[in-house]
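Below is one structure, written out as structure tokens; comments come after it.
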Amino acid sequence: MYRGLDFKPPFFEIGPKSYLYGKQVLDLAKAADIAAKKYDVNIIFTASYADIRMVAEATENLFVFAPHMDPLPIGRGLADVLPESIKAAGAVGVMLNHCEKPISLSVLRQTIKRADEIGLLSIVCADSIAEAKAIALFEPNIIVVEPTELIGTGKTSDLDLVLASIKAVKSINSEILVLHAAGISSGKDVYKVIFAGAEATGSSSGVVKAPDSAAMVDEMIHAVREAWDARNK
């Protein structure tokens, strides 16, 4: 439980990356906070380290995640990201192994274990079904399946990949949630992926590069709710 909410599908991940900073991030987070409550959809908001506390303190309905952390214990480690520090700042989870911050499988295993030890949710990126199956053995909370070559292109994953990757991950651990992203740039993209069977999707450039980012957040979260309800009638 977090802020009175169960973390469960359907959900959506928003990651402004380094497109935005400061007040721009805060404005986007507030728009996401409104949409999360309006449509009853859990939203992961992956904020930069500098913005974690600001976003966590200014919102009520978001699951604030850090974009990375290192598996080191409290002590030495100049410029490393201490897990306890991001939790203290207000994060409830961490994203790992994004294509812009890849880590080896051995380090990933250690880092997921550290997240579990201190009570942080883990969302781990995989760029193929084979990698997703390997990561599933480490028992993260969420696996993101997104082909690296599609990220930021506006081209979405093939729906066959969506279904195959869900089946592959669930065959190893049925409790792991599966998110499909890469190239999500409109509510139509969101609806298609969720209706096809995904438990979640997300967007970075599709949101921050939109003419009206707040309106795009509303459009996408609305599409999550509509697709989920339509598929579960």
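Just so it is clear, none of the values below were taken in a lab; they were calculated from the coordinates. Predicted, not measured: the structure shown is a model, and the values here were computed from it. Neighbour counts run over all protein chains shown; Cβ positions are idealised from the backbone, glycine included.
What you get for the chain, charging only the Cβ of Lys and Arg (+1) and of Asp and Glu (-1), is a dipole of about 100 debye around the Cα centre. Comparing C99, I118, L163 along the charge dipole axis of the chain, the residue lying farthest to the positive side is I118, per the Cβ-charge model.
Over every Cα atom in segment 11-231, the radius of gyration and the widest Cα-Cα span, Dmax, amount to 16.3, 52 Å. Ranked by how many other Cβ atoms sit within 10 Å of their own Cβ, fewest first, the residues F7, F63 fall in the order F7, F63. Ordering T201, I143, P16 by the projection of their Cα atoms onto the charge dipole of the chain, which places +1 on the Cβ of Lys and Arg and -1 on the Cβ of Asp and Glu, puts I143 at the extreme positive end. Computed over the chain, relative contact order equals 19 percent, with contacts defined as Cα pairs under 8 Å that lie 6+ residues apart.
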